[in-house]
């Protein structure tokens, strides 16, 4: 596996913090612990007394100065790991896909709100790759990555990105919660990731497309919200069902064209990472062969954010994007 596999940041941080707390305990507490251990010895200790282990002796003999040094090194290590995770593209850059000739300008509602300085609400609707399964921390799922990027770009803006992803779901389950978790929130942008679980569950791609079209129709009828569909990921568990995956990708593209909404071609973008940028699949997909890792989520969010930023720039320049031309293609 690549060095880009999730590194279990949360677990590591917890262990480091615990170690740091132990090192910060006053040395005078050691005798008290020793007395308590002697008063209630374990059966094996009573039957076979033995001298303290080297590690126990070292802890007892550690001076306050040495403790401070160990603590400082532990804290530095925590900071180093956090920085490595946050600056993930320093290892492998997130490159824009080649061959896209069209500037986006396809998110007029969210872009207009940002230009006007009004609050922006984005709902990330989907399954486990929206929830962030495979990320080493919730901070590294794509909705949180997207929110962080937009807030850096627009530091005075009120931007909310709601994660409405539930693992294992596809269109049938999502349609049941569409009203409450999407429409009733009155979002400015809905990013709807759908289709992967339908492929894995051998659901009819045509039925999935019909439900998604119905859902988009309901979102559009409820108010002014931009919509971007996200098609299945390019990963071994999906590509082992090539016919179903291909049909799903094509039908979702047709739905986007019919309803005049955006489409983020995740399948093609991830395939380009592998086939044209020569990235091993394990550098952006975790060991289950399905879900993205920190880098995959980060690059996905980066491309989404870049196009939202471009859309805002077009609005500021007064570029008039026709309402019926919203084909979303990452640049």
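Residue 186 to residue 250: extension gain in nm, 0.36 nm per residue of separation minus the Cα-Cα distance?
Values: separation 64, 0.36 × 64 = 23.04 nm, distance 2.89 nm.
So the extension gain works out to 20.2 nm.
State the Cα centre-to-centre distance between the range 255-303 and the range 146-174 in whole Å.
So the separation of the two Cα centres works out to 17 Å.
At 0.36 nm per residue, minus the direct Cα-Cα distance, what do residue 217 and residue 241 gain on full extension? Give it in nm, one decimal, please.
Full extension of this stretch gives 5.7 nm more.
Provide the packing ranking of 139-147, 152-160, i.e. peptides ordered by the mean count of other C-beta atoms within 10 Å per residue, highest first.
On the way: 139-147: 23.0, 152-160: 13.1.
Sorting 139-147, 152-160 by mean packing, highest first, produces 139-147, 152-160.
In nm, what is the difference between 0.36 nm times the number of residues separating residue 115 and residue 276 and their Cα-Cα distance?
Working: separation 161, 0.36 × 161 = 57.96 nm, distance 3.60 nm.
This chain segment gains 54.4 nm when fully extended.
So how far apart, in nm, are the two label points at residue 90 and residue 177 if each is 7 Å from Cα heading toward Cβ?
About 3.7 nm separates the two model spin labels.
Roughly what would the spin-label model give for residue 153 and residue 166, points 7 Å off Cα along C-beta, in nm?
Computed distance between label sites residue 153 and residue 166 equals 3.1 nm.
Percent antiparallel among DSSP beta bridges with both residues in the range 97-317, to the nearest 5? Don't skip to the answer; put the middle values down first.
On the way: 1 of 20 bridges.
Taking every DSSP beta bridge within the range 97-317, about 5 percent pair in antiparallel fashion.
Every number in this text was worked out from the coordinates using simple rules, so none of it is lab data. Worth saying up front: this structure is predicted, and the values here are computed from it rather than measured. A quick note on method: Cβ atoms are made from the backbone with ideal geometry, for glycine too, and the neighbour counts reach across all protein chains shown.
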